[in-house]
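The structure appears right after this line, and notes come after that.
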Amino acid sequence: MSAADLAILKWMYAGAWAPAWVQAVVVVTFLGSGWMMFPLAVGFAVRDWRAPSAAVTLLLTATAAVVASAKALGGRARPCHALAWAHALPLDFPTDPSFPSGHAAGSFAFATFVFAMNRRAGAPLLVLASLVALSRVALGVHYPSDVLAGAALGAALGTASAKVYQRRRDAAWLTAGT
């Protein structure tokens, strides 16, 4: 952990915030959780959305696997477990390692995939992914470098997945038209 990591964490930490603000941050952080994948089920019910829904489901599953592997290798303690002053929030703190942030990785993987497909729909999702990442620092469950690494990992996987999806979609379209 760098001095900058710790300074930013102290500046952003929500321990002294009003309970209503802390609850708002908890809601934002929930939007980046794995439970938010369930709305993708609607995509499987709509014929034109099946292929992109399957691609996003595969992307998010792969992202979770990469994050879990990185966490197992790194084993970095979360701020809420390593720093005495980072315990004031009324939360059930995660017990797995801190680096990289899975919330940031998944949020950015999804947002960059959508952004690559449709910039108008993806731009607000990139803003939301940024808020999810910041919420993890504010809650004291990640260092800023955890969310930066998660965001970079997710953005890279989302961008790569979108390119593969677009190539396959275009190839299928070309072969269907011949």
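Brief remarks follow.
- Verdict on residue 108 being under 13 Å from the mean Cα position of the chain (by Cα), buried (at least 17 other Cβ atoms within 10 Å of the Cβ) and more than 30 Å from residue 168 (Cα to Cα): no
- Within region 79-94, residues that are under 16 Å from residue 5 (Cα atoms) and touching a residue at least 12 places away in the same chain (Cβ under 8 Å) sit with their Cβ atoms under 7 Å from residues that are among the hydroxyl-bearing types (Ser, Thr, Tyr) and surrounded by 13 or more Cβ atoms within 10 Å (Cβ to Cβ), at 6+ positions apart or across chains, in these pairs: 79/143; 86/13.
- Helices (runs of 4 or more DSSP H) contained in region 1-99 and holding at least 2 residues within 20 Å of residue 116 (Cβ to Cβ) and polar (S, T, N, Q): 50-74
- Every pair of residues 6+ apart whose Cβ atoms lie under 9 Å, when the first sits in region 151-162 and is in a helix (DSSP H, G or I) while the second is surrounded by fewer than 23 Cβ atoms within 10 Å (Cβ to Cβ) and of a type in the set (Val, Ile, Thr): 153/66; 157/66; 158/114; 162/114
- Each residue in region 38-76 was checked for being more than 22 Å from residue 98 (Cβ to Cβ) and either of a type in the set (A, V, I, L, M, F, W, C) or in contact (Cβ under 8 Å) with a residue 60 or more places away in the chain (or both), and 15 pass.
- Checking residue 113 against (1) under 25 Å from residue 7 (Cα atoms); (2) modelled with pLDDT of 90 or more; (3) in contact with a Gly (Cβ under 8 Å, 6 or more places away or on another chain); (4) part of a helix (DSSP H, G or I), the condition it does not meet: (1)
The values are calculated or read from the model by the stated rules, or taken from the named source; none is laboratory data. Worth saying up front: this structure is predicted, and the values here are computed from it rather than measured. Using ideal geometry, Cβ is built from the backbone for each residue, glycine included, and neighbour counts are taken over all protein chains shown.
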